[in-house]
Amino acid sequence: MNKTIFIEDITAGATGVEEIFSVKEIQKHTAKNGDPYFRVVLQDKTGTIQGKIWKDAIALTKAETLAVGDVIKIDFEASEYNGNLQMTIRRAEKTTEYDAGDLMKVSEKDLEAMYAKLLEFLESLKDADIKRVVLTMAKDPELSKRLKTAIAGELVHHDYIGGLLEHTLEMMSIAETILRLYPRANRSIVMGGIFLHDLGKIEELGMDNTTFFRTLPGYLIGHITLGMQLLQRFIPPAFPQEKKLALEHIILSHHRELEFGAVVKPATLEAIIVSMCDLSSSVVRQFQKELDEGKSDESGFGGYHKYMKNRIYHKEIIEQETETEPVDS
Ligand SMILES: [Fe+2]
Ligand SMILES: [Fe+2]
C-alpha cells in the first residue's frame with residue numbers, strides 16, 4: 001500500500017483518500033454541546049499532525065477501537081485552526097499492509113555499515129582493559145541488536161532509527177580531531193566514554209512497529225543511571241578501579257551542567273572533551289535539522305526555535321563553498 005501524501009506536504013485544504021498514518025495519540029473528549037469527539041495525533045516519517053474525529057464520523061472510523069500504535073488508512077480533509085494545521089478524519093480503517101519505512105524515520109546511513117565502523121573505532125583502542133569491556137558490550141547479541149536501531153532522542157536530535165549509532169560515530173569523529181590538539185587526553189577513555197555516554201538510551205527509549213516512546217525505566221531512572229547499570233553488568237570484578245572511575249565519570253557528567261541533568265560536572269580532561277563532542281553533535285545537528293526541515297519567512301529567519309531559544313537564519317550569507325567534502329562519520 002503506497003502513501004501518496006506525507007505530513008510535511010499537507011497544507012490547509014488538502015484532502016486524502018485511504019492514506020496511511022500511524023496513531024501516536026488518541027483521546028476521547030466531550031464538546032461543549034455534549035457531543036463526543038476524538039482528538040488524535042497521527043504520524044508518518046516526516047512528522048506528526050493533529051486530527052479530529054467528530055461525532056458523525058465516530059462509527060465510520062470505528063474510533064472506539066483505535067489505539068496508539070495502530071496503522072490506519074484514512075479519508076481526511078486538512079484545515080487551519082488557530083494557526084495550526086489539523087485534519088478532519090471522515091473514515092478510517094486499520095491496516096496491516098504498509099511500509100514501515102513510510103511511517104518511521106530511519107537514518108540515511110546504512111545501519112550495518114555504521115555498526116561495523118563503531119567496532120572499528122573500538123578495536124583501535126590502545127588500553128586493553130577498556131577495549132575488552134567496550135567490545136564485549138558492543139558485540140553482546142542482545143545489546144548490539146538494540147544498539148543498531150536505537151534512537152538518540154525523541155524529538156530533539158538524531159530522533160530516528162539508527163540515530164544513536166550516528167550520534168556516537170559523529171562524536172567519535174569530532175573527538176579524533178580534538179584529541180590531536182590535546183595530546184594529554186587519553187584516547188581510550190575518550191572513545192570508550194563516547195561509546196558508553198548515551199548507551200542507557202537503548203533502555204530509556206523504545207519503539208514498537210510504528211512509534212518511538214519513553215519507557216517506564218526511561219521516565220523513572222533515565223539514561224545516565226541506566227547507562228551506569230549497563231556498565232556494572234559488563235565490567236569484570238578485576239577491572240582496574242581508576243579506569244572504571246574515569247569511564248563512570250564520563251557517563252555521569254556528559255550533560256555538563258547539573259541543570260542539564262549531569263549528576264556531577266566534568267572534572268577530567270577526557271570528560272570535558274566528551275561533553276563538548278556531545279554538545280557539538282547535538283546542537284550543531286539541531287541547526288542542520290532546522291535548515292533541512294524548517295521553513296523561513298522572507299527575512300530568511302525561521303520561527304522561534306524552542307530548544308535553541310533563538311530564530312535561525314536560513315539563507316546563505318555567502319555562497320556555500322562547494323569544495324568542502326562532507327566528512328563521513
Ligand atoms: Fe545524554
Ligand atoms: Fe549524547
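The values are calculated or read from the model by the stated rules, or taken from the named source; none is laboratory data. Model, not experiment: these values are computed from the prediction. Here the Cβ positions follow ideal geometry from the backbone for every residue, glycine too, while neighbour counts run over all protein chains shown.
Taking V156, is it within 15 Å of ligand 2 (Cβ to nearest atom), more than 25 Å from T46 (Cα to Cα) and either β-branched (V, I, T) or outside the structural domain of S275 (by TED's automatic domain parsing) (or both)? Taking the combined requirement at face value, the residue does not satisfy it. Here the helices (runs of 4 or more DSSP H) wholly within segment 63-159 that include at least 3 residues being in contact with a Pro (Cβ under 9 Å, 6 or more places away or on another chain) are 128-139.
Counting only residues that are away from ligand 1 (no atom under 15 Å from the Cβ), under 26 Å from K131 (Cβ atoms) and out of contact with any Lys or Arg (no Cβ under 8 Å at 6 or more places or on another chain), give me the helices (runs of 4 or more DSSP H) lying completely in segment 181-260 with at least 1 of them. Steps first, please.
Working: elements: 187-197, 201-204, 216-220, 223-234, 241-253.
So the answer is 187-197, 223-234, 241-253.
Can you find a residue that is within 16 Å of ligand 1 (Cβ to nearest atom) and within 24 Å of the chain's Cα centre (by Cα) anywhere in segment 286-298?
Residues of segment 286-298 within 16 Å of ligand 1 (Cβ to nearest atom): 286.
Filter once more, keeping what is within 24 Å of the chain's Cα centre (by Cα): 286.
Scanning segment 286-298, I find at least one residue that is within 16 Å of ligand 1 (Cβ to nearest atom) and within 24 Å of the chain's Cα centre (by Cα), so the answer is yes.
Does I174 fit the bill of being in contact (Cβ under 8 Å) with a residue 12 or more places away in the chain, within 16 Å of ligand 1 (Cβ to nearest atom) and not hydroxyl-bearing (S, T, Y)? Taking the combined requirement at face value, the residue satisfies it. In the set (1) in contact with a Gly (Cβ under 9 Å, 6 or more places away or on another chain); (2) at pLDDT below 95, the condition left unmet by F76 is number (2). Among the residues of segment 199-247, which ones are of a type outside the set (A, V, I, L, M, F, W, C) and closer than 25 Å to T46 by Cα? If the condition is that a residue be of a type outside the set (A, V, I, L, M, F, W, C) and closer than 25 Å to T46 by Cα, then K201, E203, E204, G206, D208, N209, T210, T211, R214, T215, G218 are the ones that fit. Taken over segment 257-301, the criterion of being touching a Phe, Trp or Tyr at 6+ places or on another chain (Cβ under 6 Å) and on the phi > 0 side of the Ramachandran plot is satisfied by G300 alone.
If you check A12 against the conditions, is it over 25 Å from G101 (Cα atoms) and small (G, A, S)? Here the answer is yes, as A12 does meet what is asked.
Of all residues assigned to segment 245-264, none qualifies as being of a type in the set (S, T, Y), in contact (Cβ under 8 Å) with a residue 60 or more places away in the chain and surrounded by 14 or more Cβ atoms within 10 Å (Cβ to Cβ). With respect to E270, determine if the residue is surrounded by fewer than 21 Cβ atoms within 10 Å (Cβ to Cβ), among the acidic types (D, E) and either assigned to a loop (DSSP other than H, G, I, E, B) or more than 13 Å from ligand 2 (Cβ to nearest atom) (or both). Here the answer is no, as E270 does not meet what is asked. Summed over segment 167-202, residues that are surrounded by 24 or more Cβ atoms within 10 Å (Cβ to Cβ) and of a type in the set (D, E, K, R) total 2. Each residue in segment 65-110 was checked for being touching an Asp or Glu at 6+ places or on another chain (Cβ under 8 Å) and either surrounded by fewer than 11 Cβ atoms within 10 Å (Cβ to Cβ) or at positive phi (or both), and 1 pass. In segment 50-62, the residues that are in a loop (DSSP other than H, G, I, E, B) form Cβ pairs under 8 Å with partners that are not aromatic (F, W, Y), at six or more places apart or across chains, as follows: W54/D35; W54/T88; K62/A92; K62/E93; K62/K94.
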